[in-house]
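Worksheet for the structure shown next.
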Amino acid sequence: MEKNFLGRGKIETPGFEADELKGFSRTIAEIEWLLVILVLLHQTVQGRDEEKAGFIYLGIAIYAAFVIGFRYFNIYREESRWKIAIETWAMIGFITWTLYYSGRLESPLINLYLLTIITCALTLGKLITMLEMALITACYVFLGYSSTGNSLFWLYNGGDFMLQIGPMLLVAYFTTMLSADIHSALNRIKIISETDELTGIYNLRAFNVIAQRTHKQSQRYRHPYAIVMIDSDNLKAINDTYGHDAGNQMLKVAVNCVQQSLRETDVFARYGGDEFIVILPQTKAEGAYEVAERIRKSIAATPIDIQGQQVSTTVSVGVANYPGNGEDYATILNSADNALYASKRAGRNKTSVSEGSD
């Protein structure tokens with residue numbers, strides 16, 4: 001098929017885990033300062049040993065400096081689960097230091113460990129939570145032994161130890177179970193919100209997020225990318241003749257043909273109705289045209305079986321690319337849309353490349 005070229009136009013357009021981690025990070029910041037406030041409040045109300053109070057205030061100062069430096073001066077710039085893990089380790093260290101100088105296992109602050117356990121269980125998963133529980137248990141052993149100096153401490157006090165550590169184990173277990181259920185539900189909601197119900201591919205909302213990110217990366221590194229828009233030529237005729245179930249079958253067949261023509265890095269979505277859109281990262285216009293033609297020919301060569309009849313279907317395709325068709329995503333999208341309608345005007349079952357594509 002020969003290429004059709006046309007001029008530009010304009011159309012206006014509008015990470016889950018990253019957002020989730022940012023939300024967790026804000027909550028952890030509040031927990032960190034809550035720890036500091038609770039320890040300061042304890043010292044104000046019950047702190048009577050002036051010698052040990054100095055060590056507690058020193059621990060508060062060091063921990064506060066860690067939080068300020070680590071969080072507000074961007075010592076660890078990327079939000080990640082490793083960052084959260086480091087913060088929970090620092091919490092355990094601060095709590096253990098405070099307990100050592102405020103009564104050890106007899107300290108009223110002993111339950112501060114629960115804040116760390118809950119934080120870890122909600123954000124880091126079952127395995128890391130169990131590892132942190134092992135660390136807290138080791139801190140318990142240290143605090144208990146240091147309070148008696150008796151190497152047989154756990155032989156004589158094992159029951160008391162289990163009474164204290166047992167509730168924390170239960171909190172860790174049930175919180176991780178609750179967290180897993182919450183994450184499963186959120187992932188399901190995410191899939192539903194980003195997926196087209198009929199075809200199982202991305203919907204337009206999810207595609208726009210990915211496309212905008214791809215555009216920004218391409219601008220930053222000066223990499224090309226291409227947009228391919230695909231529209232069925234005869235869905236309405238199939239719906240009118242054979243019914244909407246046949247039309248849905250046709251859409252699924254088209255989706256399968258497109259998917260078989262794409263790389264793993266390409267992103268494919270339902271644009272609306274019988275129209276689809278593909279973004280091809282690091283692809284120039286010539287390469288995008290080859291992909292578009294492969295898609296068009298594959299669909300034309302794959303008839304669908306409707307009520308025992310082999311019904312052929314075709315698509316029209318439009319191609320535009322960055323930076324040839326503009327510096328902003330909306331302009332490139334509009335150029336691809338205009339190219340698609342040029343294919344329609346040229347008789348359908350054609351691929352058109354927007355003028356200026358390179």
### Message
Suppose we keep just the alpha-carbon trace of the stretch 204-353; what are its Rg and Dmax in angstrom?
### Response
15.4, 53
### Task
Tell me the label-point distance for the pair residue 25, residue 138, using the 7 Å Cα-to-Cβ offset, in nm and rounded to one decimal.
2.8 nm
### Query
At residue 223 and residue 111, where each label point lies 7 Å from the Cα along Cα→Cβ, what is the point-to-point distance in nanometres?
5.2 nm
### Task
Please report, largest first and rounded to whole Å, the three semi-axes of the ellipsoid equivalent to the stretch 277-353, where each semi-axis is the square root of five times an eigenvalue of the C-alpha gyration tensor.
27, 13, 10
### Message
Which one, 349, 170, 108, projects farthest toward the positive side of the charge dipole computed for the chain from Cβ point charges (K/R +1, D/E -1)?
### Response
349
### Query
If you wrap a convex hull around the Cα atoms of the chain, how much volume per residue is inside, in Å³?
183 Å³
#### Entry: Computed label-point distance, nm, for sites residue 81 and residue 301 using a 7 Å Cα→Cβ extension
4.4 nm
### Magnitude of the charge dipole, the stretch 216-358, Cβ model with Lys/Arg +1 and Asp/Glu -1, debye to 20
160 debye
### Query
Once the piece of chain linking residue 57 and residue 131 is laid out straight, how much longer is it, given 0.36 nm per residue of separation minus the C-alpha distance between them?
23.8 nm
### Summary
When 354, 312, 261, 298 are arranged by how many other beta-carbons sit within 10 Å of their Cβ, fewest first, they go 312, 298, 261, 354
### Task
Provide the FRET efficiency to the nearest 0.05 for the residue 46-residue 328 pair, computing r from the beta carbons and using R0 = 56 Å.
0.35
### Task
Work out how much length residue 184 to residue 282 would gain on full extension: take 0.36 nm times their residue separation and subtract the Cα-Cα distance, in nm to one decimal.
31.9 nm
### Summary
Given pairs 252/350; 216/236; 52/126; 83/252; 126/216; 252/284 and cut-off 32 Å on Cα-Cα distance, the over-length ones are 216/236; 52/126; 83/252; 126/216
## Note on the structure
Candidate cut points under trypsin sites (Lys or Arg not before Pro) in the stretch 209-314, DSSP loop plus at most 14 other Cβ atoms within 10 Å of their own Cβ, are 222, 263
### Message
Give me the Å³ per residue figure for the convex hull around the C-alpha atoms of the stretch 243-308.
### Response
80 Å³
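Only the coordinates and a few stated rules stand behind these numbers; no lab work does. It should be emphasised that the depicted structure is a prediction, and the values quoted were computed from it without experimental measurement. In this analysis, Cβ positions are derived from the backbone assuming ideal geometry, glycine residues included, and neighbour counts consider all displayed protein chains.
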